[in-house]
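Chemist: Got a structure for you, questions after.
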Amino acid sequence: MNTLARLACALLACSMAWPTLASASDDAPPSRPRIGLVLGGGGALGAAHVGVLKVLEELRVPVDCIAGTSMGALVGGAYASGMDATEMDAFMRAIDWQRIFRREQQRRYQPMSVKRENRTVSNKLEFGLDEEGLIAPRGLIETQQVESLLRNMVASQSGVEDFDRLPIPFRAVATDLKSGDMVVFASGDLPTAMRASMSVPGAFAPVEVGDWLLVDGGIRRNLPVDVARETCADVVIAIAVSQPEARIEQMRSATGSLGRMVEILIRSNVQASLDSLDPGDVALEINVEGVTSADFHLAADAIEQGERAARAAAGRLAAFSIPPEEYAAWRAAHASPPQTADRRVAAVRFEGVAPDTAAWLASRLRTRAGEPLDATVVADDALRIYATGVYESVRHDITGPGDAPTVVFFPVRKSWGPTFLSFDYGVETSLEGNPLLVASALMRHTWPESGGREWRVLGQFGAETRLETDLRVNFGATRRTFILPRVGWYDQREDIFLENDRIATYDERSLYAELRGGLELGTSGELQVGLFRRRDDLLRDIGVPDLPEVRDYQDGGYLFEYERDTRDSDLWATRGSRQRLEFQAAETGLGAEADWRSLLIELNESRALGRALLFMDVAGGTAFGTDVPFQQAFRLGGPGALSGLEYGALRGAEFAYLQAGMGWRLVDVDPLLGMTLFAGGALEAGNVWEGIDDSNSTTGLHVGGRLFLGGNTPFGPVSLSLGYVDSGDFALFLGLGRPVMSRWR
């Protein structure tokens, strides 16, 4: 995904001659030629256009129309909507580009059911499933936050459909995948036109407008000089951005040669546009150093390089300068219209969904009728709808009178649904233990318009084999209450230790059924209560014959779970917290062979300070003095659970654990997608009591620590941990993909 994102972002530049949909106004300035500004594509390199605009304003060069492709369409559309260069510079520098492109940004609005599911499938790659087989998603990078960004940039022109009626007439160039033709937007929804122009094939989902299936305009016309001429231009200022050629070593690889081929194809149509310029036109070719097309987090650097390049060409650009008074009048006439100070929402509407679904969506929003209008909150609300996992995209519009607008949301259901299939894997090993491997597949079938019911089937194989299915049925207009019946079976190999020496390996098998009821607590928490029934077997696989076994153990009782999670990621979180409480009570009256109680409490906290990551984990459990069956005992051992011990080295009815540590952001594997490796260390303390190993049933704690290297990569989460405990034990663990072993039991 890292490689595809970079290759695809190299495409951000792209469109064949297709007539414009409308012509700009023919009102020509009487004393000067009309100036058309052409902004080419180039991904993050296109931020250099903002630096050029700053110099054009300093030189008092008016712009009568703009034609842009890809990132040039983003910058051009914002400037055409009335944002000046200084405002745009501040806006671009303030954007947290990593959060825009990372999936973790939406996690804070995901329901707990979705967050919990992500622990089973950590890679977020979701396919559709129908009678003909798998259906690939339309794009690997989610674009909801990109679209919200675009709508915030041009919010002052919401409702303007004729691009000639913008403060500066504007054209955006895209490519129709069906015909291969260039499509020039002269009207329509401005953010949609901008988004279509920068839809990198494979990375971003294509945009459907009428009969068109639109992708990045740079494929056909990366520098649309001809479009600017047809719109208004007597003379053209054309800005083309590029980066230095890749080293020959990079071109020899498969991905490097493919990326180079794309660059050559785009460069050929850019050169054709440059060759079409007249002697009176100005071409500014900016070679942006140290920034690739995917380095959006380096937008500020690209802006500064664009500004330096424009100052170097100031002599040529100054030929279009006009007197200060005339420029001030032009600037005032082309500025964004002032907004009403006290704008209050008249109504909130949803298009394309059933009334009960609209009521459910409305309950998740902060935008309310009668409340002050905040465009940032509206965009955030679109993300809240998207985070439910039901929709492919959520467009929003602000329409109606300026002082009493209506906010309209357009949720679009996933085109590859309503049945979805996700896959994941995990590998964990230590120097002393056997390698552990799991591979899993999760199938979901959804009924979004029928109360949001969802049926899940999980199949997992390897160190823990699990087959499980459940059905979530929601109630009420807000769908915050639900019932969740579940049945399943699992078989897991468990090592048994005595004084940290492995003495046996058991197969733990369980056939179980649960009936749960729950209540969503906002977007961060959930409460569940229910009944459970289990039949357990604990069968000796390796070990001396006189070791005990458990066969056909009957268990049943009730449970209570509370969880709240505000972290930005389930693995390698850099901000947020998680609190979890789990209580189980077995009752002979509900089918259990013996009465017992068990309580587990877990707290996690993460904070980022610059490049440093601070984290703390606290966990504890008790059986309240009851005799819990061995298969329900708590365990310690493994990374982040007394890391100097093997998995499950300590087992007992009571436990306590504390970890506090710091990591350092070592390498940005892909800053755009938030893939970062951390190196650091942590101090640990913990123990179990009432366990099978009397040597650990003391009042003291084991104290130790660990050194680690890990983070998120294109192959999934990765971790390397070297742990030590004061018993003198060391353990080295390597993990790739989702965690295989749960931490506490």
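Chemist: Go through the stretch 718-745 residue by residue and tally those that are in contact (Cβ under 8 Å) with a residue 12 or more places away in the chain and either part of a loop (DSSP other than H, G, I, E, B) or open to solvent by 20 Å² or more (accessible area, probe 1.4 Å) (or both).
Modeler: Qualifying residue count, the stretch 718-745: 19.
Chemist: Please go through the stretch 602-645 and give me each residue that is assigned to a loop (DSSP other than H, G, I, E, B), of a type in the set (D, E, K, R) and modelled with pLDDT of 90 or more, ordered by number.
Modeler: The one that is assigned to a loop (DSSP other than H, G, I, E, B), of a type in the set (D, E, K, R) and modelled with pLDDT of 90 or more: Asp627.
Chemist: Give the residue that is modelled with the lowest pLDDT, with candidates limited to residues of the stretch 263-311 that are among the acidic types (Asp, Glu) and not in a loop (DSSP other than H, G, I, E, B).
Modeler: Taking the stretch 263-311 and keeping what is among the acidic types (Asp, Glu), we get 263, 275, 278, 281, 285, 289, 295, 301, 304, 307.
Subsequent filtering for residues that are not in a loop (DSSP other than H, G, I, E, B) retains 263, 275, 285, 301, 304, 307.
On the way: Glu263: 69, Asp275: 91, Glu285: 92, Asp301: 94, Glu304: 95, Glu307: 95.
So, considering only residues that are among the acidic types (Asp, Glu) and not in a loop (DSSP other than H, G, I, E, B), the one modelled with the lowest pLDDT is Glu263.
Chemist: Another question, then. For the stretch 580-606, enumerate the residues that are hydroxyl-bearing (Ser, Thr, Tyr) and more than 22 Å from Gly661 (Cα to Cα). Give the derivation first.
Modeler: We begin by selecting, within the stretch 580-606, every residue hydroxyl-bearing (Ser, Thr, Tyr); these are 588, 598, 606.
Residues satisfying the conditions are Thr588, Ser598.
Chemist: Return a yes/no flag: does the stretch 43-59 have any residue that is outside any helix (DSSP H, G or I), farther than 25 Å from Asp216 by Cβ and either modelled with pLDDT under 90 or open to solvent by 10 Å² or more (accessible area, probe 1.4 Å) (or both).
Modeler: Yes, because at least one residue in the stretch 43-59 is outside any helix (DSSP H, G or I), farther than 25 Å from Asp216 by Cβ and either modelled with pLDDT under 90 or open to solvent by 10 Å² or more (accessible area, probe 1.4 Å) (or both).
Chemist: How many of the residues making up the stretch 459-479 are over 22 Å from Val740 (Cα atoms) and either among the aromatic types (Phe, Trp, Tyr) or free of Cβ contacts under 8 Å to residues at least 40 places away in the same chain (or both)?
Modeler: First, pick out the residues of the stretch 459-479 that are over 22 Å from Val740 (Cα atoms): 471-479.
Those left that are additionally either among the aromatic types (Phe, Trp, Tyr) or free of Cβ contacts under 8 Å to residues at least 40 places away in the same chain (or both): 471, 473-476.
Looking only at that region, the number is 5.
Chemist: Scan the stretch 176-210 residue by residue and report those that are open to solvent by 30 Å² or more (accessible area, probe 1.4 Å), hydrophobic (A, V, I, L, M, F, W, C) and touching a strand residue (DSSP E or B) at 6+ places or on another chain (Cβ under 7 Å).
Modeler: Matches in the stretch 176-210: Leu177 only.
Chemist: Quick test of your reading of the structure: Val348 fulfils all but one of (1) in contact (Cβ under 8 Å) with a residue 12 or more places away in the chain; (2) more than 30 Å from Arg165 (Cβ to Cβ). Name the failing condition by number.
Modeler: That leaves (2) as the condition not met.
Chemist: Is it the case that Ser569 is under 24 Å from Ser719 (Cβ atoms), of a type in the set (Ser, Thr, Tyr) and not in a loop (DSSP other than H, G, I, E, B)?
Modeler: It is false that Ser569 is under 24 Å from Ser719 (Cβ atoms), of a type in the set (Ser, Thr, Tyr) and not in a loop (DSSP other than H, G, I, E, B).
Chemist: Moving on. Yes or no: the stretch 420-442 includes at least one residue that is polar (S, T, N, Q), modelled with pLDDT under 90 and in a loop (DSSP other than H, G, I, E, B).
Modeler: Yes, the conditions are met somewhere in the stretch 420-442.
Chemist: Looking at Ala477 and the list (1) in contact with a strand residue (DSSP E or B) (Cβ under 9 Å, 6 or more places away or on another chain); (2) open to solvent by 40 Å² or more (accessible area, probe 1.4 Å), which single condition is not satisfied?
Modeler: With (1) in contact with a strand residue (DSSP E or B) (Cβ under 9 Å, 6 or more places away or on another chain); (2) open to solvent by 40 Å² or more (accessible area, probe 1.4 Å) applied to Ala477, the lone miss is (1).
Chemist: Looking at (1) of a type in the set (Gly, Ala, Ser); (2) in contact (Cβ under 8 Å) with a residue 40 or more places away in the chain; (3) out of contact with any Leu (no Cβ under 6 Å at 6 or more places or on another chain), can you tell me which one Gly530 breaks?
Modeler: If we test Gly530 against (1) of a type in the set (Gly, Ala, Ser); (2) in contact (Cβ under 8 Å) with a residue 40 or more places away in the chain; (3) out of contact with any Leu (no Cβ under 6 Å at 6 or more places or on another chain), just (3) comes out false.
Chemist: Enumerate the pairs (first residue in the stretch 395-411 and free of Cβ contacts under 8 Å to residues at least 40 places away in the same chain and within 18 Å of Met153 (Cα to Cα); second residue anywhere and in a loop (DSSP other than H, G, I, E, B) and of a type in the set (S, T, N, Q)) with beta-carbon separation below 6 Å, excluding pairs fewer than 6 apart on the same chain, so at least 6 apart or on different chains.
Modeler: Hits for this filter: zero, empty list.
Chemist: So which residues in the stretch 533-562 are in contact (Cβ under 8 Å) with a residue 60 or more places away in the chain and not aromatic (Phe, Trp, Tyr), if there are any at all?
Modeler: Once the filter is applied, which keeps residues that are in contact (Cβ under 8 Å) with a residue 60 or more places away in the chain and not aromatic (Phe, Trp, Tyr), the stretch 533-562 yields Asp536, Leu538, Val550, Asp555.
Chemist: Looking only at residues that are of a type in the set (S, T, N, Q) and more than 26 Å from Pro279 (Cα to Cα) in the stretch 289-342, which one is most open to solvent (accessible area, probe 1.4 Å)?
Modeler: That would be Gln339.
Chemist: Further question on the same structure: Working only within the stretch 355-379, note down all residues that are open to solvent by 30 Å² or more (accessible area, probe 1.4 Å) and either assigned to a loop (DSSP other than H, G, I, E, B) or acidic (Asp, Glu) (or both). Write out each step before concluding.
Modeler: Filtering the stretch 355-379 for residues open to solvent by 30 Å² or more (accessible area, probe 1.4 Å) gives 355-356, 359, 362-363, 366, 368-376.
Answer for the stretch 355-379, where residues must be open to solvent by 30 Å² or more (accessible area, probe 1.4 Å) and either assigned to a loop (DSSP other than H, G, I, E, B) or acidic (Asp, Glu) (or both): Asp356, Ser363, Arg366, Arg368, Ala369, Gly370, Glu371, Leu373, Asp374.
Chemist: Here are some residues: Glu468, Glu454. Which one is open to solvent by less than 50 Å² (accessible area, probe 1.4 Å), charged (D, E, K, R) and under 19 Å from Asp507 (Cα atoms)?
Modeler: Sole residue among the options that is open to solvent by less than 50 Å² (accessible area, probe 1.4 Å), charged (D, E, K, R) and under 19 Å from Asp507 (Cα atoms): Glu468.
The values are calculated or read from the model by the stated rules, or taken from the named source; none is laboratory data. As the structure is a prediction and not an experimental result, all values here were calculated from the model. Counting neighbours? That spans all protein chains shown, and the Cβs are built from the backbone with ideal geometry, glycine included. Please note that ligands, DNA and RNA were not included when accessible areas were found on the heavy atoms of the full protein model with its side chains. Shrake-Rupley method; radii C 1.70, N 1.55, O 1.52, S 1.80 Å.
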